[in-house]
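Student: I have a structure I would like to understand better, so I am pasting it below and will then ask my questions one at a time.
Derivation of every value follows stated rules applied to the coordinates shown; laboratory data play no part. Because the structure is a prediction, the values reported are computed rather than measured. Neighbour counts run over all protein chains shown; Cβ positions are idealised from the backbone, glycine included.
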Amino acid sequence: MSTVQEYLTNYWKSLIELVVVVAFLSVGYRYLSERSSGRTLAGILILVAIYLLAHFFERRLIENVAFFLAFALVVIFQQELRRSFVDLGSRGLFASTKGTAALVDQLQLAVRQLSSKRYGALFALERSMELNSYLETGVPIDSRFTPELVMTIFHPKTALHDGGMILRKTRIEGAGCVFPISQREMADRSIGLRHRAAIGMTEESDAIAVVVSEETGHISIAVAGELERDLTLEEFKDRLETLLLGDDHDEDDDDEAEGKKDGSKDN
């Protein structure tokens, strides 16, 4: 017992520091593990926590193994880590504004019309990373987003229909743009060029990509290199609002539900 007391007396400051650091890493892990783009970073945080514990308790073998595993993850998953850090700061550009909510409504309307007519379409919604290098491959537009303009651009007989459209905030910046094609091996052979371009764009940036299939009219969203396929219009709108408005969207939904509840009480 005296040995434990002596140990605590000599190392109580270090123990407090260790608890604080591990708690911080634990919170960071829980936050990142909920995001597909942050799971690699979350794994590195676990290894850092193991390294600190091993260092404190002088377990050199475990300390060295944890260090080299963390270093290997950084080297192997450089691209994923870059996207993770970008994702952490990407939610500021599309703020919870009426303009963003209006854009989602207009985009849903445009996608519905494109889908019904089987017009293939590809959009990239810019967030924190500028897409200027991709804008240079297309035709500058700099126009307010309208479904009518979108339908004209993606009409199969127009010159720009094969390229991608880039949206910055609530405006169309360019069309006919060339997006990077994902080089990943796809298990599903039905994934076409537009879908691979959507995945490729979101692998190279933090943009959100939207695809309307020319063959089926199905709607898909790509985020952080992952493709979410065959969405209904309601699922598409909800997913887009979550990505662009985040917590503010959830709060607005709660307020609206509360308002309906109050209204029903008045009746």
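Student: Any residue at all in the range 154-175 that's among the basic types (Lys, Arg) and over 22 Å from the mean Cα position of the chain (by Cα)? Lay out the reasoning, then the answer.
Tutor: Start the filter on the range 154-175 by keeping residues that are among the basic types (Lys, Arg), which leaves 157, 168-169, 171.
Right, trim to over 22 Å from the mean Cα position of the chain (by Cα) and you get 157.
Yes: the range 154-175 contains one or more residues that are among the basic types (Lys, Arg) and over 22 Å from the mean Cα position of the chain (by Cα).
Student: State all residues of the range 123-155 that are touching a residue at least 60 places away in the same chain (Cβ under 8 Å) and either over 18 Å from Ala197 (Cα atoms) or in contact with a His (Cβ under 9 Å, 6 or more places away or on another chain) (or both); if no residue qualifies, say none.
Tutor: Here is the first cut: in the range 123-155, the residues touching a residue at least 60 places away in the same chain (Cβ under 8 Å) are 123-129, 131, 134.
Ser128, the sole residue that qualifies.
Student: Follow-up. Considering each residue of the range 182-237, count those that are in a strand (DSSP E or B) and closer than 16 Å to Ala121 by Cα, and give that number.
Tutor: Restricting attention to the range 182-237, the residues satisfying the condition of being in a strand (DSSP E or B) are 208-212, 219-223, 226-231.
Within this subset, residues satisfying the condition of being closer than 16 Å to Ala121 by Cα are 208-212, 219-222, 227-231.
Qualifying residue count for the region: 14.
Student: Quick test of your reading of the structure: Ile199 fulfils all but one of (1) closer than 14 Å to Phe179 by Cβ; (2) surrounded by fewer than 23 Cβ atoms within 10 Å (Cβ to Cβ). Name the failing condition by number.
Tutor: In the conditions (1) closer than 14 Å to Phe179 by Cβ; (2) surrounded by fewer than 23 Cβ atoms within 10 Å (Cβ to Cβ), Ile199 misses (2) alone.
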